[in-house]
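Heads up, the thing below is written out as structure tokens.
FYI, it's all coordinate maths here, none of it is from the lab. Small disclaimer: the values here were computed from a predicted structure and weren't measured. Cβ placement follows ideal geometry from the backbone for every residue including glycine, while neighbour counts extend to all protein chains displayed.
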Amino acid sequence: MNVTKNIGILNALIRITIGLTILSWSTAKMVKFPWRDSYLFIAICGAMKVAEGIVRFCPVTALFQRYQEMDQEKPLALGDGSNDGNVDEVLPYNPT
């Protein structure tokens with residue numbers, strides 16, 4: 001897997017800022033209520049956002065971009081090929 005930068009500088013700075021805010025809030029709550037596991041999960045999510053901002057790579061954005069590329073490359077399968085790829089001639093499915 002080739003990890004290349006897929007988010008911009010401003011997006012990275014926003015992710016770092018929001019991630020540090022979430023991380024500090026959740027750790028403050030964990031000090032007050034250490035028996036609650038939900039604050040640990042929120043802290044991990046905040047740390048993940050900080051890491052995404054530092055590395056400038058977002059796996060969700062990479063999956064979305066990969067899906068878009070695959071969707072553009074995939075030919076439209078229309079069955080017998082009688083309409084030569086014209087999407088306008090495809091009729092919607094009517095079960096009645």
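Give me the extension gain from TYR93 to VAL3: residue separation times 0.36 nm, minus the current Cα-Cα distance, reported in nm with one decimal.
28.2 nm
Report, by chain and number, residues whose modeled amide H sits under 5 Å from the one on CYS58, excluding near sequence neighbours (fewer than 5 apart, same chain).
ASN6, ILE7
I need the P(r) histogram for segment 9-72: all alpha carbon pairs, bin width 5 Å from 0 out to the longest distance, whole percents.
Final binned percentages: 4, 20, 20, 17, 14, 11, 8, 4, 2, 1, 0.
Can you give me the distance in nm between label points at LEU20 and ALA62, each placed 7 Å from the Cα along the Cα-to-Cβ direction?
2.5
Return the distance in nm (one decimal) between the two label points of a simple spin-label model at MET48 and LYS32, each offset 7 Å from Cα along Cα→Cβ.
According to this spin-label approximation, the distance is 2.5 nm.
Using each residue's phi in segment 24-30, evaluate 6.51 cos²θ - 1.76 cosθ + 1.60 at θ = phi - 60° and report the 3J(HN,Hα) Karplus result to the nearest Hz, with x for Gly and Pro.
My calculation for segment 24-30 gives 5, 5, 5, 5, 5, 5, 5 Hz in order.
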